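K.L.:
Next up is a structure, given as structure tokens.
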Amino acid sequence: VCVYCGSSTHVRPIFLEKAEAFGELLARRGIGVVYGGGSVGSMDRVASGALGAGGRVVGVIPEKLLGRELGREDLTELVVVPDMHARKKLMADRSDAFVALPGGYGTLEELFEAVTWTQLHYHRKPIGLLNVDGFFDSLVDFVRRAVAEKFVRPQHADLILVDDDPEALLDRMAAFDIPSLESWIDDV
């Protein structure tokens with residue numbers, strides 16, 4: 001699972017605690033983690049949780065951010081790439097699913113790129129939002145508004161699975177079947 005999340009260390013403790021617990025949960029389920037490779041904020045805590053539970057963790061970090069985000073050296077694998085575009089592509093290629101935890105602009109940008117790639121059938125991978133402490137409530141409302149205003153088709157809104165329970169989210173993602181491209185083309 002590719003995990004998108006924040007690098008800020010100035011967030012409320014609940015976000016860091018839930019990030020670490022999510023990494024641990026993935027490892028306990030035998031699911032490897034692909035993430036941004038940093039050793040700060042929620043990114044660090046996801047990796048710590050997974051590694052502490054014996055999981056496999058692959059970090060992907062651009063050269064420019066290697067020093068700034070202090071790339072973790074104790075990962076199963078740390079891949080240094082030239083830029084953000086290469087980072088996102090490699091993270092997507094090495095993952096079977098995506099989960100966004102609370103984060104900032106980068107998290108949202110990565111999330112919506114993954115959704116767009118699914119919508120356009122560049123891949124057929126489930127996408128989840130772990131809605132820690134209602135963090136994504138306003139984003140869910142935004143998507144509903146985009147559907148109501150017909151900027152997003154209803155079936156595309158359903159590409160983002162949202163849950164505040166990490167176990168339930170992973171179960172829903174495992175059972176999720178992405179509709180065929182043909183079913184989406186009919187109502188263009």
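The values are calculated or read from the model by the stated rules, or taken from the named source; none is laboratory data. Worth saying up front: this structure is predicted, and the values here are computed from it rather than measured. Here the Cβ positions follow ideal geometry from the backbone for every residue, glycine too, while neighbour counts run over all protein chains shown. Side chains included, ligands, DNA and RNA excluded: accessible areas come from the protein's heavy atoms. Shrake-Rupley method; radii C 1.70, N 1.55, O 1.52, S 1.80 Å.
K.L.:
Do you know which residues across the stretch 62-76 are more than 14 Å from S7 (Cα to Cα) and open to solvent by 60 Å² or more (accessible area, probe 1.4 Å)?
P.N.:
E63, K64, E73, D74, T76
K.L.:
Can you tell me how many residues in the stretch 121-132 are more than 11 Å from L159 (Cα to Cα) and either modelled with pLDDT under 95 or not in a helix (DSSP H, G or I) (or both)?
P.N.:
So the answer is 5.
K.L.:
Applying the selection to the stretch 39-59, what residues are under 20 Å from D93 (Cβ atoms) and buried (at least 24 other Cβ atoms within 10 Å of the Cβ)?
P.N.:
Filtering the stretch 39-59 for residues under 20 Å from D93 (Cβ atoms) gives 43, 46-47, 50, 55-59.
Residues satisfying the conditions are M43, V46, A47, A50, V57, G59.
K.L.:
Follow-up. Only residues in the stretch 130-142 that are without any contact (Cβ under 8 Å) to a residue 24 or more places away in the chain count as the first member; pair them with residues that are open to solvent by 30 Å² or more (accessible area, probe 1.4 Å) and among the hydrophobic types (A, V, I, L, M, F, W, C), Cβ under 7 angstrom, at least 6 apart or cross-chain, and list the lot.
P.N.:
V140/V162
K.L.:
Test T118 against the stated conditions and say whether it is open to solvent by less than 80 Å² (accessible area, probe 1.4 Å), touching a strand residue (DSSP E or B) at 6+ places or on another chain (Cβ under 7 Å) and either over 22 Å from F22 (Cα atoms) or modelled with pLDDT under 95 (or both).
P.N.:
yes
K.L.:
Collect the residues in the stretch 150-166 that are among the acidic types (D, E) and either assigned to a strand (DSSP E or B) or surrounded by 15 or more Cβ atoms within 10 Å (Cβ to Cβ) (or both), keeping them in residue-number order.
P.N.:
Within the stretch 150-166, D163, D164 qualify.
K.L.:
May I pose another question? If I ask for residues that are closer than 18 Å to L65 by Cβ and among the small types (G, A, S), which ones from the stretch 1-30 would you list?
P.N.:
Matches in the stretch 1-30: G6, S7, S8.
K.L.:
Being out of contact with any strand residue (DSSP E or B) (no Cβ under 9 Å at 6 or more places or on another chain), among the basic types (K, R), part of a helix (DSSP H, G or I) and open to solvent by 40 Å² or more (accessible area, probe 1.4 Å) is the requirement here; does R144 meet it? Write out each step before concluding.
P.N.:
Working: out of contact with any strand residue (DSSP E or B) (no Cβ under 9 Å at 6 or more places or on another chain): yes; among the basic types (K, R): yes; part of a helix (DSSP H, G or I): yes; open to solvent by 40 Å² or more (accessible area, probe 1.4 Å): yes.
When the stated conditions are applied, R144 passes them.
K.L.:
Could you run through the stretch 84-98 and say how many residues are assigned to a loop (DSSP other than H, G, I, E, B) and modelled with pLDDT under 95?
P.N.:
Residues flagged as assigned to a loop (DSSP other than H, G, I, E, B) and modelled with pLDDT under 95 within the stretch 84-98 amount to 0.
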